[in-house]
1. Work out the FRET efficiency for Glu84 and Asp47 from their Cβ-Cβ distance, taking R0 = 25 Å, and round it to the nearest 0.05.
2. Starting from the stretch 51-107, pick out the trypsin sites (Lys or Arg not before Pro) whose DSSP state is loop and whose Cβ has at most 15 other Cβ atoms within 10 Å.
3. Given Val116, Leu23, Pro79, which one lies farthest toward the positive end of the charge dipole of the chain, if we put +1 on the Cβ of every Lys and Arg and -1 on the Cβ of every Asp and Glu?
4. Starting from the Cα-Cα distance between Ser96 and Ser73, subtract it from 0.36 nm times their residue separation and give me the gain in nm to one decimal.
5. With a probe of 1.4 Å, find how much accessible area the chain has per residue, and write the answer as a whole number in Å².
6. For the chain, give the percent of accessible area contributed by carbon and sulfur heavy atoms, probe 1.4 Å, rounded to a whole number.
7. To the nearest 20 debye, what is the magnitude of the charge dipole of the chain about its Cα centre, counting +1 on the Cβ of each Lys and Arg and -1 on the Cβ of each Asp and Glu?
8. How charged is the neighbourhood of Val90? Take every other residue with its Cβ under 14 Å from the Cβ of Val90, and add Lys/Arg as +1 and Asp/Glu as -1.
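The values are calculated or read from the model by the stated rules, or taken from the named source; none is laboratory data. What you are looking at is a predicted structure, and each value in this text was computed from that prediction instead of being measured. Glycine gets a Cβ as well: all are built from the backbone with ideal geometry, and neighbour counts include every protein chain shown. Please note that ligands, DNA and RNA were not included when accessible areas were found on the heavy atoms of the full protein model with its side chains. Shrake-Rupley method; radii C 1.70, N 1.55, O 1.52, S 1.80 Å.
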Amino acid sequence: GEVRVAVHRWRDVSSAPAASAALPINNGPRATSFVAAAFPIAPLLADSGCERTDCYVAVSFTPTGRQTPLASSHLWLSPFRYAELPRTTVSIDSVSTLAPDRALVSVSATATAAFVVLESMDVLGAFDDGGFLLPAGETLS
């Protein structure tokens, strides 16, 4: 498999990383957190031109033979209060009611949005992801 570590700028409007690197690995998804902690971020920051306050890291694990990541995570490089988060607008692109208590919602943002939380007056319950990071240029459902 492969662990990919990518540095992203908070303010970018594209989902393309500012810098990235891949590391072949045999241990499976449990190794993702180890690699995220042990992977040397400084060279990637230098390649990207980022300061710790204006970037975050995305880490993903893709097993051999699979096209999409099995596990992924976002890591802040600075305390939240120091992160240079841009103003962004989160949009609801579509809503599909699957059942009286289930809906599929697609959302996107003009720049990376931290701590996105969805609520509904019409659907009782909670969304699978209580809160999440919405990368710029991506639509999540």
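1. 0.85
2. Arg66, Arg87
3. Farthest towards the positive pole: Leu23.
4. Between Ser96 and Ser73, full extension yields 5.6 nm more.
5. Per-residue value: 63 Å².
6. 52 percent
7. 360 debye
8. -3
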